[in-house]
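Down below is the structure, laid out as structure tokens.
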Amino acid sequence: LVSYFTRLNYDLEGRYLVSAVFRTDGSSRFGNNRKWGNFPSLSLAWVLSEERFMSNIESLNELKVRSSYGVSGNNNIGNYSYLGTISTVSYSAGNEITEGLVPGNLENPNLGWEKTVGLGIGLDISMFDNWFNLTLDYYDNRTSDLLYNVNVPAITGFTSALSNIGEIRNYGGEL
């Protein structure tokens with residue numbers, strides 16, 4: 001695994017916050033056609049409690065609105081799973097058990113990163129000398145190109161092949 005990333009943080013008067021990250025990863029677990037993945041992210045926050053129009057609210061310690069967007073990757077499969085491998089098999093020749101070699105799995109040079117795109121929106125409130133704290137969050141995560149063993153026709157000599165297929169969506173709120 002080889003990774004490169006860059007990050008930029010910006011803070012304007014403690015009220016407006018920005019963080020941007022760009023990451024690129026290369027993994028030997030994937031085929032030559034999709035070895036590299038790019039994963040950007042951006043987060044923004046507005047600390048309303050630092051604004052002048054909020055300064056008269058003495059019970060308020062912090063009020064912050066935040067949002068984020070990002071892409072992450074998964075390469076959690078075996079090493080070199082995209083390659084066609086050779087496996088051993090035992091068979092009977094005459095009255096003796098003999099070892100032989102057979103194809104172990106199908107080659108997939110297009111096997112690549114599973115990617116999750118996430119979006120988040122949140123609100124943080126702290127009041128009464130931080131005695132009361134509340135965090136509200138909404139998230140929406142979509143994972144695509146799932147790394148999954150799919151059934152293949154038996155005529156190929158195999159029962160399954162590792163592929164990028166499908167999509168899952170997780171969304172909801174937290175309090």
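The values are calculated or read from the model by the stated rules, or taken from the named source; none is laboratory data. Quick caveat, the model's predicted, so the values are computed rather than measured. Glycine also receives a Cβ, built like all others from the backbone with ideal geometry; neighbour counts cover every protein chain displayed. Please note that ligands, DNA and RNA were not included when accessible areas were found on the heavy atoms of the full protein model with its side chains. Shrake-Rupley method; radii C 1.70, N 1.55, O 1.52, S 1.80 Å.
Odds and ends about this structure:
- Spread over its residues, the convex hull of the C-alpha atoms of the chain is 156 Å³ per residue.
- Diffusion constant of the stretch 112-173 at 4 °C, which comes from Stokes-Einstein with the Kirkwood Cα-pair radius and 1.567 mPa s, µm²/s: 86 µm²/s
- Put simply, the convex hull of the Cα atoms in the stretch 25-88 casts, on average, a shadow of 7.3 nm².
- Listed residues G94, G70, G31, most fluctuating in the chain (Gaussian network, C-alpha, under 10 Å): G94
- Efficiency of FRET between R15 and I168 - r from beta-carbon atoms, R0 35 angstrom, step 0.05: 0.40
- Choice from E58, E96, E114 with maximal GNM fluctuation in the chain (Cα, 10 Å cutoff): E96
- When the GluC sites (Glu not before Pro) in the stretch 10-56 are filtered for DSSP coil states and for at most 13 other beta-carbon atoms within 10 Å of their beta-carbon, the remaining sites are E13, E51.
- Heavy-atom accessible surface of the stretch 10-167: percent carbon and sulfur, 1.4 Å: 54 percent
- Taking Lys and Arg as +1 and Asp and Glu as -1, the other residues whose beta-carbon sits under 14 Å from that of N79 total +2.
- In the stretch 1-101, chymotrypsin sites (Phe, Trp or Tyr not before Pro) in a DSSP loop with at most 16 other beta-carbon atoms within 10 Å: Y80
- Accessible area per residue in Å² at 1.4 Å probe, computed on the chain: 67 Å²
- Choice from S90, S49, S41 showing the highest fluctuation, given a GNM over the chain with Cα pairs closer than 10 Å: S90
- If R0 is taken as 22 Å, the Cβ-Cβ distance between E58 and L123 corresponds to a FRET efficiency of 0.65.
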